[in-house]
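Read through the structure below, which is laid out as structure tokens, and then see the notes.
The values are calculated or read from the model by the stated rules, or taken from the named source; none is laboratory data. Treat the numbers as computed from the prediction; the structure is a model and nothing was measured. So basically every Cβ, Gly included, is an ideal-geometry build from the backbone, and we count neighbours across all protein chains shown. For accessibility, only protein heavy atoms count, side chains too; no ligands or nucleic acids. Shrake-Rupley method; radii C 1.70, N 1.55, O 1.52, S 1.80 Å.
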Amino acid sequence: MRFGPLEVKDKTGQTIVLRNAETYDAEDLIEYLKITASETPFLIREPEEIHLTLEQEENFIKNCIDAEREIMLIAAVDGRHIGNCSLMSIGSYKRYAHRCDIAIALYQEFCGRGIGKIMMQTVLDLAKKAGYEQAELEVISGNEGAISLYRKLGFEKYGTFPGNMKYADGRYADADWMMKKLL
């Protein structure tokens, strides 16, 4: 799916550009995955588990651009990638065609500035225009900031996956399944 670019202002008044991820972003996106995975315990991978090749990431981005109902939305400040939000189909089956998955992450230094909310709302609007009827996401139960944002955007919790993640130190984390009706 193609989108933007769109300029918006965050809570500090700084201009944020929202746009499609492009294949030239691939190297930066791989590095972003590694950094954000090391900044927070709320993402699904450890930094050392990120082994994507440039070709794999370029193909992923190209597939998002070519897909009618999927997008990898980038947020940038002064040309620097600061976060992204994805809209993905749950599956290719007709019985799942009404459902989409949303995921978001920002570099920690940009959290709390309203950028995540702007990105999520943009992606939810795109999801509705693409014909999805419900948006879903999974969030670590202790990620109170993210859960608060999702609730403000109309997501509700419908269940918990106990022991969803196991950290290197042996601790477990539950995850909440949240959904928002788009109709």
**Message:** Criterion first (more than 16 Å from the chain's Cα centre (by Cα) and either under 26 Å from Tyr32 (Cβ atoms) or at pLDDT 95 or above (or both)) does Lys157 satisfy it?
**Reply:** yes
**Message:** For segment 1-25, give me each residue that is of a type in the set (A, V, I, L, M, F, W, C) and modelled with pLDDT of 95 or more.
**Reply:** Leu6, Val8, Ile16, Val17, Leu18, Ala21
**Asked** Restricting to segment 143-183, what's the tally of residues that are among the small types (Gly, Ala, Ser) and either open to solvent by 40 Å² or more (accessible area, probe 1.4 Å) or in contact with a Leu (Cβ under 6 Å, 6 or more places away or on another chain) (or both)?
**Response** 3
**Fill in**
Pairs returned, first residue in segment 61-76 that is within 11 Å of Asp25 (Cβ to Cβ) and without any contact (Cβ under 8 Å) to a residue 60 or more places away in the chain, second residue that is open to solvent by 30 Å² or more (accessible area, probe 1.4 Å) and in a strand (DSSP E or B), beta-carbon separation under 6 angstrom, 6 or more apart or interchain, are Ile74/Arg19
